[in-house]
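**Q** A single structure is presented below for examination.
Read the figures in this text as sums done on the coordinates, not as results from a lab. All values reported here derive from a predicted model rather than from experimental measurement. Glycine gets a Cβ as well: all are built from the backbone with ideal geometry, and neighbour counts include every protein chain shown.
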Amino acid sequence: MKAISRRDVLWHGPVVMVDSNLDFLKQVFQALRETEKDGLLTDRRDEGLTGISGLKTVGALQRLVGLFAGDPRACYLEIGVFQGLTLVSAALQAPGLACFGIDNFATLDPDEKNKEITTERLQRFGAANATLIDSDFEAALAGLDARLDGRKIAVYFIDGPHDYRSQMVCLLLALGHLHDRCVIVIDDANYACVRQATADFLAGHPDFKMVFEAYSPAHPANMEGAELERWEEGWLNGVNVLVRDAEGLLPDMVPPTESDKTRHFNEWLVHRLRRAELAPEAVALADAICIGDMAAEEKARKALLEKYGIWRDVSDGRYRDRNTYSTGLTEGRFTNIPD
């Protein structure tokens, strides 16, 4: 890419004074535009490197890590490894870049084979620069200093739990470890809670800007045939891409969020109930009752009672409502003040 001087750059019309960070931002835009056009940069599906990420998402990560291939201070980090598609793809595209993947393989792993599959792929494809961190993501993020060895996260792929709090934890706990020119790729942005977390993070951290967003019409579980194939080749279940923009070179752009916050408010209403852990099963039962599906109702009722059996000893000892989980907490405590 041709070097751009401080005095000859047109950005949204007027001539502006910029520093070299604008060159980098333009490289990010170019990488995303190339991904939109061509998808994967390197395709190794025929060699068995597959997964459940959209191919454009993988292609974007491949191109973005290449922007930092010559920076010894930089590294790649992802939350949510599954079977290693994105971790291996990133590592192979930038073999000199340290790459880290965090996953404790607690979900989406009914046969408990995902760690084994990931490890085998890392070895078979020769991704020697990739490190798998088998840990809860929150614990791993809290202990990143020991892992990164002074490196800063240049490309950060967030594809772990998709509840609002987990999204915010992934963003906030990584803040102090982010490269001064980091790119954050947030997967599964189709989910409203993911977009809300992105929007709230941007509102509280104006030195970050969203530069790209893409969504599909439904979760892939609700698509099939040609429609599913189309979105598997694309961004699959949605994506938000953020960059650090400390100079304020970019305009504000935020993902669409829901004006009605009922479901967010319901989180508090559910959490304070004594059977809060049974919420998914309870909602499934309510759905079956509402549509009059007797077979589904019986199945959901059985699942609910089975889950109740697991939590009974804990939940029976709570109040029916307005549980605060504050028993035993201090009645008053100060932090230490320096002498």
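**Q** Compare Glu229, Glu120, Glu47 in a GNM of the chain, Cα atoms joined below 10 Å, and give the one with the largest fluctuation.
**A** Result for the chain, Cα springs under 10 Å: Glu47 fluctuates most.
**Q** Collect residues whose amide H, placed 1.01 Å from N in the peptide plane, falls under 5 Å from the amide H of Phe208; neighbours closer than 5 in sequence don't count.
**A** HN-HN under 5 Å from Phe208: Asp245.
**Q** Further question on the same structure: Which of Gly176, Gly51, Gly39 moves the most in a Gaussian network model of the chain with Cα springs under 10 Å?
**A** So, out of Gly176, Gly51, Gly39, the one fluctuating most is Gly176.
**Q** Something else: How high is the relative contact order of the range 92-203, given as a whole-number percent (alpha carbon pairs under 8 Å, six or more residues apart)?
**A** 25 percent
**Q** Another one. Among Ser315, Leu285, Ala300, flag the residue with its Cα farthest along the positive direction of the charge dipole of the range 273-315, charges on Cβ as +1 for Lys/Arg and -1 for Asp/Glu.
**A** Result: Ser315.
**Q** Taking the Cα centre of the chain as origin, work out the dipole magnitude from +1 charges on Lys and Arg Cβ and -1 charges on Asp and Glu Cβ, in debye rounded to 20.
**A** Dipole size: approximately 580 debye.
**Q** Can you pull out the trypsin sites (Lys or Arg not before Pro) in the range 287-339 whose DSSP state is coil and whose Cβ has at most 11 other Cβ atoms within 10 Å?
**A** Qualifying residues, ordered by number: Arg320, Arg322, Arg333.
**Q** Separate question: As I understand it, the dipole of the chain uses +1 on the Cβ of Lys and Arg and -1 on the Cβ of Asp and Glu, about the Cα centre. Which of Tyr164, Leu273, Val183 lies farthest toward its positive end?
**A** After comparing all options, I get Val183.
**Q** Let me ask another. Treating the beta-carbon of each Lys and Arg as +1 and of each Asp and Glu as -1, no other charges, what is the dipole magnitude of the range 273-315 about its Cα centre, to the nearest 20 debye?
**A** 180 debye
**Q** Would you mind checking the tilt of helix 114-124 against the longest principal axis of the Cα atoms of the chain, expressed as 0 to 90 degrees and rounded to 10?
**A** Once rounded, one gets 20 degrees.
**Q** Let me ask something else about it. What does the charge count around Arg44 come to, taking other residues whose C-beta lies under 12 Å from its C-beta (Lys +1, Arg +1, Asp -1, Glu -1)?
**A** Net of charged neighbours comes to 0.
**Q** Putting +1 on Lys and Arg Cβ atoms and -1 on Asp and Glu Cβ atoms, find which of Ala106, Leu144, Asn129 reaches farthest to the positive end of the dipole of the range 76-146.
**A** Most positive-ward Cα: Asn129.
**Q** Take the chain, mark every one of the chymotrypsin sites (Phe, Trp or Tyr not before Pro) that falls in a DSSP loop and has at most 15 other Cβ within 10 Å, then report the longest stretch left between them, sites excluded.
**A** Counting at most 15 other Cβ atoms within 10 Å as exposed, the longest clean stretch of the chain is 12-318.
**Q** What is the total of Lys pairs in the chain with C-alpha atoms under 30 Å apart, excluding same-chain pairs fewer than 8 positions apart?
**A** 25
**Q** Can you give me the Cα centroid spacing of the range 174-238 and the range 251-267 in angstrom?
**A** 14 Å
**Q** I want the local charge near Leu132. Using Cβ-Cβ distances under 15 Å, sum +1 for each Lys or Arg and -1 for each Asp or Glu among the other residues.
**A** Charge balance in the 15 Å sphere: -3.
**Q** Mind pulling the angle between the C-alpha long axis of helix 192-204 and the longest principal axis of the chain? Nearest 10 degrees, somewhere in 0 to 90.
**A** For helix 192-204, the angle is close to 60 degrees.
**Q** Turning to a different aspect of this structure: Expressed as a rounded percentage, what relative contact order does the chain have, with Cα pairs under 8 Å and six or more residues apart?
**A** 13 percent
**Q** What does the charge count near Asp71 come to, summing +1 for each Lys or Arg and -1 for each Asp or Glu among other residues with Cβ under 10 Å from its Cβ?
**A** That sum, taken over residues with Cβ under 10 Å, equals +4.
**Q** Moving on to the next point. Among Thr50, Thr327, what is the fewest-to-most ranking by other Cβ atoms within 10 Å?
**A** Thr327, Thr50
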